[in-house]
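So the structure is just underneath, and the comments pick up after that.
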């Protein structure tokens, strides 16, 4: 069975854990990042497991201890996959590394979804109640919606323990679609994980590319 079809059918963390435990990250010769899953054909984007975690939460899954424990185990597997990917990146050949460097936007926006997951989403499994602050529901027909952790946006302090209940909002963009300079609500500024210095460098690089593209 194609792994993307199998992942599309996953609606609970128990089932997602089975996929995550059998997942292995790869970097192709052409610098493409992907995940293979033992027992399935095809491959997934490296961010696919994070997106599925957010989707399951956005579906307003009952937030009981079984759900949270399975979510914690999935989080551990996502961090394992990320660590293995970083090891692959450090040891791949120079040609693949250069292509990966270009594909990932010079590493400035690399792993944005995974970083946001580790900073914000995984802490939700330590609280007993989730409070959705609006009426937006996950719509299976329209596809994925991003989960916005409002608590950290309103009271962001590094190392701060997540309140109980944690307040979240369903947002209709992927983190990957939020770019520097994009007009977004003020409470989404935290989603831009690039520092001011990195944003400035990225803008300079883009300006150089535009200059030569006109030449």
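The values are calculated or read from the model by the stated rules, or taken from the named source; none is laboratory data. Remember, it's a predicted structure, so these values are computed and weren't measured experimentally. Note that each Cβ is placed from the backbone with ideal geometry, even for glycine, and that neighbours are counted across all protein chains shown.
Within segment 121-136, being over 17 Å from residue 48 (Cα atoms) and modelled with pLDDT of 85 or more holds for 123, 124, 125, 126, 127, 128, 129, 130, 131, 132.
Here's the yes/no breakdown for (1) part of a helix (DSSP H, G or I); (2) over 25 Å from residue 33 (Cβ atoms); (3) touching a helix residue (DSSP H, G or I) at 6+ places or on another chain (Cβ under 7 Å); (4) at pLDDT 85 or above:
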{"residue": "73", "(1), (2), (3), (4)": "yes, no, yes, yes"}
{"residue": "80", "(1), (2), (3), (4)": "yes, no, no, yes"}
{"residue": "86", "(1), (2), (3), (4)": "yes, no, no, yes"}
{"residue": "89", "(1), (2), (3), (4)": "yes, no, yes, yes"}
{"residue": "115", "(1), (2), (3), (4)": "yes, no, no, no"}
{"residue": "138", "(1), (2), (3), (4)": "no, yes, yes, no"}
{"residue": "143", "(1), (2), (3), (4)": "no, no, no, no"}
{"residue": "157", "(1), (2), (3), (4)": "no, yes, no, no"}
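Just need a number here: residues in segment 43-64 that are more than 17 Å from residue 19 (Cβ to Cβ) and touching a residue at least 40 places away in the same chain (Cβ under 8 Å). Of the residues in that region, 3 qualify.
Hey, among the residues in segment 91-113 that are part of a helix (DSSP H, G or I) and surrounded by 13 or more Cβ atoms within 10 Å (Cβ to Cβ), which one's modelled with the lowest pLDDT? I'd like the intermediate steps shown before the answer.
Initially, segment 91-113 is screened for residues part of a helix (DSSP H, G or I), giving 91, 94-103, 112-113.
Now drop any that are not surrounded by 13 or more Cβ atoms within 10 Å (Cβ to Cβ), which leaves 96-97, 99-101, 103, 112-113.
Working: 96: 86, 97: 84, 99: 84, 100: 80, 101: 79, 103: 72, 112: 76, 113: 81.
Here the answer is 103.
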